[in-house]
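A quick write-up on the structure given underneath.
Derivation of every value follows stated rules applied to the coordinates shown; laboratory data play no part. If you're wondering where the values come from, they're calculated on a predicted model, not measured in any experiment. Reconstructed Cβ throughout: ideal geometry from the backbone, glycine too, with neighbour counts over all protein chains shown.
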Ligand code: AMP
């Protein structure tokens with residue numbers, strides 16, 4: 001008899017098997033008042049696939065999406081790759097020129113565009129280099145006047161409820177998107193079905209290791225607070241779906257609405273960058289909602305101790321995780337023991353803010369300039385290089401940068417750090433952000449962490465400015481609480497930094513030459529402090545205060 005062994009390919013469509021079998025009635029909600037179950041999610045995926053096939057979409061085609069975080073977007077996360085096509089999640093916060101660049105560079109064949117972004121598309125449309133079809137989402141009329149434009153709602157009407165999603169090679173590209181583009185043109189990365197499926201399982205396993213962990217489980221209610229265009233919302237919509245968790249999609253991020261949704265829908269699991277957390281905490285000072293059921297993973301930038309303290313004081317269970325666009329993104333997560341094993345509040349905050357331990361299968365090394373592992377002495381730093389089954393294989397159409405990224409067979413993160421005595425990674429800086437002064441390396445993150453604890457400081461960024469004598473000198477940019485006096489804050493900052501220097505915890509060169517007060521610190525399109533721009537802005541500042 002012939003052996004009919006099924007050589008199971010790892011495909012996005014398979015993430016739907018278990019929830020549809022064990023939890024088909026589970027709810028998915030969004031702020032546009034849609035509320036349906038997993039069965040309906042599945043039907044919509046099939047209907048949409050039939051509609052896209054009718055428009056001519058076939059394996060290998062690319063569909064760009066410009067949308068807020070909605071149920072529809074979740075449907076695109078599945079339908080497009082399941083057809084063998086490629087989902088291009090467009091970063092809606094890039095400039096028009098950069099959006100145009102990514103659409104052309106990604107070779108998009110169709111754009112699905114939410115009503116709110118029609119004007120952007122209208123402006124750049126003539127410069128799109130390929131013939132393109134446009135599907136308007138949440139739009140009742142054709143705002144674009146030509147016959148290659150379709151209304152989403154019309155398109156899915158009266159379509160068959162079944163589509164045959166074929167098997168194909170698990171290494172087929174499923175998604176692509178572009179890095180935030182603070183330096184030159186944005187760079188494109190892509191992920192295969194296999195990579196996304198293993199990443200999904202990898203995070204679920206990696207977050208279950210410790211006792212008091214940020215495990216996502218089927219009694220959780222999940223809501224993204226990292227946009228779905230940014231590294232697939234860090235991959236959580238795929239994880240939540242696989243586990244059959246109740247999901248809530250918040251649309252456009254508005255602090256009050258986000259908090260209302262957390263309260264009304266009883267959200268227990270989310271993830272975001274520090275600036276979004278800060279925004280939520282500020283808003284909740286007015287609303288005073290109970291956030292004690294919320295597990296929140298903070299990544300994208302280091303979470304300062306003061307921010308972790310503030311979150312904890314509002315009841316949120318926060319921990320740090322680390323990754324990047326090029327790594328799908330999961331690399332490490334802080335592992336929390338049961339509270340009983342934590343000796344003090346200070347210790348608890350320290351554990352929450354550690355960059356964390358590598359996830360399963362993540363081979364993480366800290367290397368010196370000669371690619372040798374640095375000694376593990378709780379102090380010696382080097383570049384973080386990694387291998388894992390879900391890292392991007394390079395930058396789209398950029399061989400040179402791809403070779404650099406994968407030099408020596410490990411992906412170079414461009415981040416600097418060390419492994420502490422508990423085995424946790426501590427990131428001290430990005431290579432480009434380290435301040436090199438008087439022959440010493442000063443961690444901009446360390447300065448920021450110290451300054452952020454000073455009363456009156458709302459936000460801080462430390463950068464190095466070129467200096468003839470010392471190579472570079474640190475300056476800090478502070479957004480202060482309006483009611484506080486700048487001179488008093490300056491005094492506090494200097495006192496704190498000099499204490500740390502006296503204790504030997506900070507290099508003697510770390511005292512900033514200048515403290516600049518601003519209303520707000522410039523951010524990148526994904527809400528991180530834009531140090532490149534700050535360096536440019538302050539490059540001529542006099543640093544001999
Ligand atoms: P992106 O590709 O925009 O997601 O940015 C990735 C970069 O964000 C990393 O290379 C790090 O420099 C930084 N990053 C991400 N997570 C953390 C973290 N937990 N602590 C410090 N930096 C982080």
Inside the range 116-130, can you point out the residues that are farther than 20 Å from residue 226 by Cα and under 24 Å from the mean Cα position of the chain (by Cα)? 120
Of the residues 370, 378, only one is over 12 Å from residue 426 (Cα atoms), away from the ligand (no atom under 16 Å from the Cβ) and out of contact with any helix residue (DSSP H, G or I) (no Cβ under 9 Å at 6 or more places or on another chain); which? 370
Could you check the range 301-320 and list, in sequence order, the residues that are within 16 Å of the ligand (Cβ to nearest atom) and either on the phi > 0 side of the Ramachandran plot or in contact (Cβ under 8 Å) with a residue 60 or more places away in the chain (or both)? 301, 302, 304, 305, 306, 307, 319
Could you check residue 379 against (1) in contact with a strand residue (DSSP E or B) (Cβ under 7 Å, 6 or more places away or on another chain); (2) surrounded by fewer than 19 Cβ atoms within 10 Å (Cβ to Cβ); (3) under 22 Å from residue 305 (Cβ atoms); (4) touching a residue at least 60 places away in the same chain (Cβ under 8 Å) and say which number it fails? (4)
Taking the stated definitions as given, is residue 238 in a helix (DSSP H, G or I) and touching a residue at least 40 places away in the same chain (Cβ under 8 Å)? yes
Using the structure shown, decide if residue 204 is in a helix (DSSP H, G or I), touching a residue at least 60 places away in the same chain (Cβ under 8 Å) and either closer than 26 Å to residue 424 by Cβ or within 16 Å of the ligand (Cβ to nearest atom) (or both). no
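Conditions (1) more than 26 Å from residue 234 (Cβ to Cβ); (2) out of contact with any strand residue (DSSP E or B) (no Cβ under 6 Å at 6 or more places or on another chain); (3) free of Cβ contacts under 8 Å to residues at least 24 places away in the same chain, marked per residue:
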| site | (1), (2), (3) |
| --- | --- |
| 43 | yes, yes, no |
| 46 | yes, yes, no |
| 62 | no, no, no |
| 80 | no, no, no |
| 110 | no, no, no |
| 119 | yes, yes, yes |
| 137 | no, no, no |
| 149 | yes, no, yes |
Taking the range 274-300 and the residues there that are assigned to a loop (DSSP other than H, G, I, E, B) and buried (at least 22 other Cβ atoms within 10 Å of the Cβ), the one that is farthest from the ligand (Cβ to nearest atom) would be 294
